[in-house]
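**Student:** Below is the structure I would like to discuss, written out as structure tokens.
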Amino acid sequence: MFDRDSRTEKPTPRRRHQAREKGSVARSQDLNAAIVLTGSSVLLTMMGGGIIAGLSTLLARLISSCGSMEITMESMQMQAADQLWEVAKIIGPFMLAIMAVGLIVNVSQVGFHVSWKAAEPQWSRINPLSGFKRFFSVRALVELGKSLAKLIVVGAVLTYALLAAAQEIPWLFFMSPAQIAPEIGRIVGDVFLSAALALIVIGGLDYLYQRYDFEQSLKMTKDEVKEEAKQQDGDQRVKGKIREIMIRTARRRMMKSIPEADVVITNPVHLAVAIKYDRSKSSAPIVVAKGARKIAEKIKEIAAENGVPIIENKPLARALFKTVEIGMEIPVELYKAVAEVLAYVYRIKKKFFSVA
């Protein structure tokens with residue numbers, strides 16, 4: 001294993017992709033917790049009074065109905081299910097909103113990506129020796145320092161917020177029951193919000209540190225960069241070889257179809273296009289072979305050896321070579337020009353056979 005001092009090269013895109021596939025990303029759990037807590041505090045400030053009032057009303061209704069309630073096992077089960085459903089309706093929107101905040105903050109940090117490799121069991125983590133090394137590592141010391149800093153900062157902020165809240169509690173005795181519930185919700189929300197804001201500052205700093213630490217962990221040695229380049233070059237060579245074999249095979253197949261062509265239209269030097277027209281198989285002539293330069297010379301050579309007429313028509317040869325792929329029918333706009341060439345070839349063949 002290389003030491004970090006020897007990792008001087010920036011990570012390659014492949015290295016980043018592999019790390020992401022393994023679930024290794026720059027993410028701050030502290031920032032997640034801070035934003036979720038902040039969102040909870042804001043939601044609690046907005047909805048806390050309503051939640052407490054709803055729960056109070058539900059409790060009052062339950063107490064008032066106790067005298068007329070029939071006490072049986074079945075009735076108790078029904079009452080428990082009903083009350084749980086009522087509680088869920090009161091606090092459910094609050095819980096769903098917190099879950100949405102948690103999902104949004106996670107996706108905003110690392111994007112949406114599911115890594116099954118990260119969920120696989122890592123047996124090295126239950127190795128006592130490995131755990132002992134991690135316990136006394138530099139990372140463990142950094143995490144300990146962060147935890148102590150969080151404890152001190154959040155503890156100080158909470159102490160200040162609780163002292164401020166304590167000064168408002170005596171005023172609750174002068175309020176009506178309807179006013180107390182919303183006021184308690186506001187006080188609790190203020191305390192949570194103070195702690196959340198402190199955690200956001202810590203979480204932001206932790207996120208910057210996590211990004212820095214993640215980038216450092218992805219850095220590569222010069223040997224690793226060279227090895228990766230060799231692997232990619234090897235892959236390109238294999239792909240190139242496969243592509244070359246496919247081209248060679250297709251070219252051999254193309255050359256075998258030239259003797260069956262009706263005519264070869266040339267440029268006359270640089271291009272050659274072989275055409276075949278079989279009314280029983282297609283509604284229009286088909287390009288069975290085409291090529292430029294050396295391939296064009298080979299097409300004309302095979303055509304000459306097999307008695308296939310070679311006709312010079314520069315505009316038509318260029319148009320066919322540019323617009324029609326091998327095995328495709330000629331386009332409608334070239335019907336007339338090709339028909340004239342084929343008619344000329346058929347007349348020549350008819351004269352030849354009549355003389356013979």
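The values are calculated or read from the model by the stated rules, or taken from the named source; none is laboratory data. Given the structure is predicted, the values throughout are model-derived calculations rather than measurements. A quick note on method: Cβ atoms are made from the backbone with ideal geometry, for glycine too, and the neighbour counts reach across all protein chains shown.
**Student:** Could you identify the single residue in Glu227, Glu260 that is at pLDDT 85 or above, loosely packed, with under 15 Cβ neighbours inside 10 Å and among the acidic types (Asp, Glu)?
**Tutor:** Going through Glu227, Glu260 in turn, the sole match is Glu260.
**Student:** Filtering region 45-66 down to residues that are of a type in the set (Val, Ile, Thr) and within 22 Å of Phe192 (Cα to Cα), which residue is farthest from the chain's Cα centre (by Cα)?
**Tutor:** Ranking the qualifying residues of region 45-66, first place goes to Ile52.
**Student:** List, please: which pairs have Cβ atoms under 9 Å, are six or more places apart or on different chains, and start with a residue in region 187-215 that is of a type in the set (S, T, N, Q) and end with one that is outside any helix (DSSP H, G or I)?
**Tutor:** Gln210/Ala26; Gln210/Arg27; Gln210/Ser28
**Student:** Where the second residue is part of a helix (DSSP H, G or I) and the first is among the charged types (D, E, K, R) and lies in region 140-155, which pairs have Cβ atoms under 6 Å and are six or more apart or on separate chains?
**Tutor:** Taking only residues 6 or more apart or on different chains, the pairs are Lys150/Ile202.
**Student:** Let me ask another. Among the residues that make up region 131-144, is at least one of them surrounded by fewer than 15 Cβ atoms within 10 Å (Cβ to Cβ) and at pLDDT 75 or above?
**Tutor:** yes
**Student:** For region 267-282, state whether one or more residues are touching a residue at least 60 places away in the same chain (Cβ under 8 Å) and more than 30 Å from Ala26 (Cα to Cα).
**Tutor:** yes
**Student:** I've got another one for you. Restricting the first residue to region 297-309 and requiring it to be in contact (Cβ under 8 Å) with a residue 12 or more places away in the chain, which pairs with a second residue that is of a type in the set (Asp, Glu) and outside any helix (DSSP H, G or I) meet a Cβ separation below 9 Å and a spacing of at least six or different chains?
**Tutor:** Val308/Asp262; Pro309/Asp262
**Student:** What are the pairs with Cβ atoms under 8 angstrom where one residue, in region 329-356, is in the same structural domain as Leu316 (by TED's automatic domain parsing) and in a helix (DSSP H, G or I) and the other, located anywhere, is modelled with pLDDT of 75 or more and of a type in the set (Gly, Ala, Ser)? Sequence gap at least six, or different chains.
**Tutor:** Close Cβ pairs (under 8 Å, with a partner that is modelled with pLDDT of 75 or more and of a type in the set (Gly, Ala, Ser)) amount to Leu334/Ala319; Tyr335/Ala284; Ala337/Ala319.
**Student:** What is the one condition in (1) outside any strand (DSSP E or B); (2) within 16 Å of Asp262 (Cβ to Cβ) that Lys298 does not satisfy?
**Tutor:** (2)
**Student:** Here's a follow-up. Please indicate, with yes or no, whether at least one residue in region 202-214 is surrounded by 16 or more Cβ atoms within 10 Å (Cβ to Cβ), at pLDDT 80 or above and of a type in the set (S, T, N, Q).
**Tutor:** yes
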